[in-house]
Amino acid sequence: SLYATGQTGSAIEILEAFTRKNPGAVTARLRLAGLLAETRQAGKARAELAAAHPETPGDLLWKKYLEGRLLLLEGRAGEAATVFEEVMKDRDNLSENLLVAATFALTDARIALSGYEIADRVLEGFIAKYDESPSLELVFQRLDRVYAAEKNPPEGELQRWAAGTEKRRAVLARFYVAQMQMRARKFDRATISIDAFLKRF
């Protein structure tokens, strides 16, 4: 709850106290390592990962993902990307939360390696494949931020999804294509997109 309200430092303190009293609490250690990585405390995060000894396939996969996060934090984006891709291939043990986390992390790695124009493909691939994901709106938001950083972001995928039959994806695509057009000051096209959004949805 503290983390969700932006109080990451307080969340870390609680988890540190908890793991001192419960050194075998694997899930708590992994969560702590993730928060430490997020606050760029790579050394402490590595120490927590070293102390965590997961046994379940799901926890093992989370640990692998966190190792990738640390590689990315240390400027080793290529190695990190390989780790995230391996995590995403393990569909038997991949939870929804981990899938989205690995997708976002792979996006960050691709940005570091090749720029925003290549990184958008990671998120577009997620949206194309997982159109019923509970996290679809979060992924669209992230894709919109990537598009906003590009010089000439493509409308093609958004337009194709907007015209599609999968309603939730179509709603989001139509909204974000209008956002893209507004940013580009293409107001006539944005007006058409907004009108289409309102008429259909």
Return a yes/no flag: does segment 81-104 have any residue that is outside any helix (DSSP H, G or I) and under 27 Å from Ala148 (Cβ atoms). no
Kindly establish whether Arg69 is open to solvent by 50 Å² or more (accessible area, probe 1.4 Å) and assigned to a loop (DSSP other than H, G, I, E, B). no
Does Ala80 satisfy the criteria of being among the aliphatic types (A, V, I, L, M) and more than 12 Å from the chain's Cα centre (by Cα)? yes
Filtering helices (runs of 4 or more DSSP H) wholly in segment 139-201 for at least 2 residues that are of a type in the set (Ser, Thr, Tyr) gives 187-200
Does Ala80 satisfy the criteria of being surrounded by 19 or more Cβ atoms within 10 Å (Cβ to Cβ), touching a Gly at 6+ places or on another chain (Cβ under 8 Å), at pLDDT 90 or above and closer than 20 Å to Thr103 by Cβ? yes
What do you reckon, is Phe201 touching a residue at least 12 places away in the same chain (Cβ under 8 Å) and of a type in the set (Phe, Trp, Tyr)? yes
Any hit, segment 45-68, residues being within 21 Å of Val146 (Cβ to Cβ) and under 20 Å from the mean Cα position of the chain (by Cα): yes
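Of all residues in segment 136-166 being farther than 21 Å from Tyr116 by Cβ and in contact (Cβ under 8 Å) with a residue 12 or more places away in the chain, which is most open to solvent (accessible area, probe 1.4 Å)?
Taking segment 136-166 and keeping what is farther than 21 Å from Tyr116 by Cβ, we get 162-166.
Cutting the leftovers down to in contact (Cβ under 8 Å) with a residue 12 or more places away in the chain gives us 162, 166.
On the way: Ala162: 2, Glu166: 50 Å².
Residue satisfying both the conditions and the ranking: Glu166.
The values are calculated or read from the model by the stated rules, or taken from the named source; none is laboratory data. Please read these numbers as outputs of a predicted model, since none were measured by experiment. Neighbour counts run over all protein chains shown; Cβ positions are idealised from the backbone, glycine included. Side chains are part of the model used for accessible areas, which takes the heavy atoms of the whole protein and leaves out ligands, DNA and RNA. Shrake-Rupley method; radii C 1.70, N 1.55, O 1.52, S 1.80 Å.
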